[in-house]
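The values are calculated or read from the model by the stated rules, or taken from the named source; none is laboratory data. Computed from a prediction, not measured in an experiment: that's the story for all the values here. A quick note on method: Cβ atoms are made from the backbone with ideal geometry, for glycine too, and the neighbour counts reach across all protein chains shown.
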Amino acid sequence: MATPHVLVGVGTETASPVVRRISPADLLQALRSGLDDFAAMPSHAVFLCIIYPLVGLLLASLTLGYSMLPLLFPLAAGFALLGPIAAIGLYELSRRREAELDTNSTHAFDVLRSRSLGAIIALGILLMVIFLVWLAVAQAIYVAYFGYAAPTSIRQFVNDVLFTPAGWGLIVVGTGVGFLFAALVLTISVVSFPLLLDRDVGAAVALLTSVRAVAANPVTMALWGLIVTALLVIGSLPFFLGLTVVMPVLGHSTWHLYRRLVEPDPAWQAAFRPERTSHRSAADFPAALFTPRE
């Protein structure tokens, strides 16, 4: 059956990935490497991530109906919970650049041929479920403070949230609950998606390894969460357009952070050597037939 493979990969006899302890200096180095990847592959980043701010704008426009207005902020904040899914192609490009392979933008879709595709989809569905639960919880919190009546205008909604005791309670409780959702997603995804691209270990092993990595580096990973949050807030202004830069940089950086958090496996690294192809001229034709083979 396919289900055991999705959960545990190629086999339970494979040793669990070794998790390292890292320092804040490693976070800075991961960000530098992510910026370097973005500078080397800017077209790829725009190609993959322009969808993210556009969808954000679409979601924002859908909430301009006053009945949906209370979900505007939860949608914007909760959409970041899906960031690891949006960045999966960026991980693949960073992986290929690291291996000195072709980084043409089309290789971002090599994920679709990954041996771990089933596990990646399973974890993606898990993040989507968490996102939907967050929206339901956020709506319940709003109803608890303001009831079911929709705001009569944007001005009235802003006044209620910012200048009333109920609004202050909503901000405090909503922010606290949102922090818990963000911490959960960071814990289960910071290593899991890159690990599944790197090795066929299964969704359960990848998720557990991500939890172990965060548990081994609680302070450093908390700092990483703050960095991600700050950059996403900055990138959301104005109108989510800054995410066309922030998202690819964070995506590439997450790959390099994974490399620092998890000990490489030489066997899997050796296996990731797709055949290199080169463009040949017709003038090379019969000489190419006699090229020595290794």
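Does Arg96 satisfy the condition of being charged (D, E, K, R) and loosely packed, with under 12 Cβ neighbours inside 10 Å?
Working: charged (D, E, K, R): yes; loosely packed, with under 12 Cβ neighbours inside 10 Å: no.
Criteria not met by Arg96.
Taking into account only those residues within the range 74-84 that are surrounded by 18 or more Cβ atoms within 10 Å (Cβ to Cβ) and touching a residue at least 60 places away in the same chain (Cβ under 8 Å), which is farthest from the chain's Cα centre (by Cα)?
Pro74
If the requirement is being modelled with pLDDT of 70 or more and over 18 Å from the mean Cα position of the chain (by Cα), which of these qualifies: Leu101, Leu58, Leu31?
On the way: Leu58 fails: modelled with pLDDT of 70 or more; Leu31 fails: over 18 Å from the mean Cα position of the chain (by Cα).
Of Leu101, Leu58, Leu31, the one residue that is modelled with pLDDT of 70 or more and over 18 Å from the mean Cα position of the chain (by Cα) is Leu101.
Please give the number of the condition Val18 fails out of (1) at pLDDT 90 or above; (2) over 17 Å from Phe193 (Cα atoms); (3) β-branched (Val, Ile, Thr); (4) surrounded by fewer than 18 Cβ atoms within 10 Å (Cβ to Cβ).
For Val18, the exception is condition (2).
Take Ala87 and tell me if it is within 27 Å of Met41 (Cα to Cα) and under 15 Å from the mean Cα position of the chain (by Cα). So that I can check it myself, show each step before the final result.
Values: within 27 Å of Met41 (Cα to Cα): yes; under 15 Å from the mean Cα position of the chain (by Cα): yes.
Yes.
Rundown of residues vs (1) within 18 Å of Asp37 (Cα to Cα); (2) aliphatic (A, V, I, L, M); (3) surrounded by 23 or more Cβ atoms within 10 Å (Cβ to Cβ); (4) touching a residue at least 60 places away in the same chain (Cβ under 8 Å), yes/no style:
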| position | (1), (2), (3), (4) |
| --- | --- |
| Val191 | no, yes, yes, yes |
| Val201 | no, yes, yes, yes |
| Val205 | no, yes, no, yes |
| Ala216 | no, yes, no, yes |
| Val219 | no, yes, no, no |
| Ala222 | no, yes, no, no |
| Ile227 | no, yes, no, yes |
| Leu231 | yes, yes, no, no |
| Leu243 | yes, yes, yes, yes |
